[in-house]
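K.L.:
Here's a structure for you.
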Amino acid sequence: MPHALHRRRAPGGPPDVRTLDALTITKVSVGPMDNNAYLLRCTETGSLLLVDAANEAPRLLSLLDGTPLSTVVTTHRHMDHWVALEAVVAETGARSVAHEADAGELPVTSDTVHDGDIITVGDCPLEVIHLVGHTPGSIALLYDDPTGIHHLFTGDSLFPGGVGNTRGDKANFASLIGDVERKLFDRLPDDTWFYPGHGKDSTLGAERASLPEWHARGW
């Protein structure tokens, strides 16, 4: 089983890298809110996709190493996940992608996606999973490695220890935990590795037994 990519280093620390057969995942924490940004590289084509241009545009651009960036996907509308988006898009010409319900809050014009849509990075497909509650247009991206396990980029909808913040709104919490349980835990196996918008990554199996506790506590 692969090791956790990020062991909660302070923002500004060196990136962590996981190499799969067809995809390389580079994870970097940017400040000041310990946001994770993920650069995905298709092995076959060299194509690049960035998940959340959260902050520190020069640092994110340095990860490209001169390779063109094709796409930036923003997992949700909260500003700490797109501070660097305008600068990265302006520098690279990459297209911006977000869910229709959140795209209007971003600082650049974005192509919109919906639940079940596929975003590609080279030869590697990423399935859009819409998870309503943290924001109306929060999404996760699922990569089903044909030679390995599932890899899931969850933004702020799922963390080790619970779902994302719904600020005490009972309806939003019910929506989010319902979507997370039905669309992620009920569908995907325990060895699915997930990468959140802040802090450490984990597996669904490590979190599954805690679902009743999350329901009971209401956050």
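K.L.:
Pop out the ³J(HN,Hα) list for the stretch 80-85 in order, Karplus 6.51 cos²θ - 1.76 cosθ + 1.60 with θ = phi - 60°, rounded to Hz; leave Gly and Pro as x.
P.N.:
5, 9, 9, 4, 8, 4
K.L.:
A further question on this structure: If you place +1 on the Cβ of every Lys and Arg, -1 on the Cβ of every Asp and Glu, and leave all else neutral, what size is the dipole of the stretch 16-217 about its Cα centre, to the nearest 20 Debye?
P.N.:
It comes to approximately 360 debye.
K.L.:
For the Cα atoms of the chain, what angle does the longest principal axis make with the long axis of helix 170-179, in degrees from 0 to 90, nearest 10?
P.N.:
On a 0 to 90 degree scale, this one is about 70.
K.L.:
What does the helix-only formula give at 222 nm for the chain: each DSSP H stretch with n ≥ 4 adding -39500 (n - 2.57), the total divided by the residues, and the result rounded to the nearest 500 deg cm²/dmol?
P.N.:
-4500 deg cm²/dmol
K.L.:
For the chain, what mean projected area does the convex hull of the alpha carbons give, in nm²?
P.N.:
Averaged projected area of the chain's Cα convex hull equals 10.8 nm².
K.L.:
Tabulate in residue order the Karplus-calculated ³J(HN,Hα) for the stretch 191-200, using 6.51 cos²θ - 1.76 cosθ + 1.60 with θ = phi - 60°, rounded to whole Hz; enter x for Gly and Pro.
P.N.:
Taking θ as phi minus 60°, the curve returns 7, 4, 8, 10, 10, x, x, 9, x, 6 Hz for the stretch 191-200.
K.L.:
Would you calculate the separation in nanometres between label points at Arg187 and Leu63, each defined as 7 Å from the Cα along the Cα-to-beta-carbon direction?
P.N.:
It is 2.4 nm.
A short reminder: the numbers here are calculations on the coordinates, not readings from a lab. It should be emphasised that the depicted structure is a prediction, and the values quoted were computed from it without experimental measurement. Don't worry about glycine lacking a Cβ; one is built from the backbone with ideal geometry, like all the others, and counts go over all protein chains shown.
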